Amino acid sequence: MAHIIVVGNEKGGSGKSTTCMHVATALVRMGFKVGALDLDLRQKSFGRYIENRLAYLKKEGLDLPTPDYRDLPEVDPTALEPGENAYDRRLSAAVAALEGEADFIVIDCPGSHTRLSQVAHSLADTLITPLNDSFIDFDLLARIDPDTSRVTGPSIYSEMVWSARQLRARAGLKPIDWIVLRNRLGAQQMHNKKKVGEALEQLSKRIGFRVAPGFSERVIFRELFPRGLTLLDLRDVGVDHLNISNVAARQEVRDLVKALDLPGVTVNF
């Protein structure tokens with residue numbers, strides 16, 4: 001059975017697609033077979049990222065390791081069981097088609113609450129939640145007392161993950177390994193960074209997730225998307241001398257994959 005990695009956050013702009021692409025490409029580069037699905041049926045940022053990669057590689061005559069991206073298959077409404085949701089069937093069919101071929105399946109969820117996202121979370125063996133390092137984004141996970149900065153209770157997204165965990169438990173599946181990534185860490189605002197970090201550590205013990213460092217705010221991530229490239233591809237496309245920022249960003253990718261602690265994965269890039 002393929003190990004399913006779901007990248008989810010009900011808020012846009014947190015770096016989900018960048019995280020998906022770098023994790024998926026890193027795994028392919030290490031020799032694993034990786035399937036890829038994008039559940040944001042409108043924007044398809046992850047899907048577009050891979051399409052850009054395939055177009056660029058074809059144009060340049062290159063052959064670089066690439067995840068196997070699939071669109072969700074259409075279903076005949078008349079083939080659905082009574083009460084069955086069409087989106088459930090489409091996602092189930094896509095996962096089933098990849099499971100026999102892939103070691104890992106990376107699923108990107110939309111930045112909103114949808115039926116597809118809810119079902120995907122219940123399928124996750126590993127759940128990655130990229131979170132911009134601010135209390136605005138932290139509010140998605142938990143409510144904070146404005147006077148003491150103490151966590152007063154879980155918020156909407158945490159409750160959805162809890163529901164997904166209950167579904168897996170009832171089905172006899174192993175628990176979700178939930179990792180919250182602190183993305184877009186800036187060099188400034190040290191006081192705010194410290195307070196967000198303390199709140200995350202406090203919350204992690206209450207609702208059961210691990211905290212891992214994500215990606216800093218860097219221009220390079222926005223520049224790579226049009227060509228479908230990742231930081232791991234730069235030397236293969238003729239960038240022999242990485243600047244200090246690029247070297248640091250590549251190390252962030254390495255640290256992230258290590259922090260995921262995926263089965264059978266030894267980081268070697």
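None of the figures in this text is laboratory data; all of them are computed from the coordinates on show. Note that this is a predicted model, so its numbers are computed, not measured. Note that each Cβ is placed from the backbone with ideal geometry, even for glycine, and that neighbours are counted across all protein chains shown.
With viscosity set to 1.567 mPa s and temperature to 4 °C, compute the Stokes-Einstein D of the stretch 3-260, Rh being the Kirkwood radius across alpha carbon pairs; µm²/s, no decimals. Show your work: numbers first, answer last.
Numbers: Rh = 19.2 Å.
Once the numbers are plugged in, D ends up at 68 µm²/s.
Taking the simple approach of a point 7 Å from Cα along Cα-to-Cβ for both Ala93 and Glu217, what is their distance in nm?
4.3
Could you work out how much longer the chain between Arg170 and Asp139 gets when fully extended? Use 0.36 nm per residue separation minus the Cα distance between them, nm to one decimal.
Stretched out fully, the Arg170 to Asp139 stretch lengthens by 8.3 nm.
Pop out the ³J(HN,Hα) list for the stretch 160-172 in order, Karplus 6.51 cos²θ - 1.76 cosθ + 1.60 with θ = phi - 60°, rounded to Hz; leave Gly and Pro as x.
So the J values, rounded to whole Hz, are 5, 5, 4, 4, 5, 5, 5, 4, 5, 5, 5, 8, x.
Starting from 0.36 nm per residue, how many nanometres of slack lie between Asn85 and Val267 once their C-alpha separation is accounted for? Each step should come with its number before you reach the end.
On the way: separation 182, 0.36 × 182 = 65.52 nm, distance 3.92 nm.
Result: 61.6 nm gained on full extension.
Where both partners of a DSSP beta bridge lie in the stretch 3-260, what percent of those bridges are antiparallel, to the nearest 5? Don't skip to the answer; put the middle values down first.
Values: 3 of 30 bridges.
Looking only at bridges with both residues in the stretch 3-260, the antiparallel portion is about 10 percent.
Remind me, what semi-axes does the stretch 1-134 give for its equivalent ellipsoid, largest first in whole Å, using sqrt of 5 times each Cα gyration tensor eigenvalue? Numbers along the way, then the final one.
On the way: eigenvalues 113, 69, 42 Å².
Equivalent ellipsoid of the stretch 1-134: 24, 19, 14 Å, largest first.
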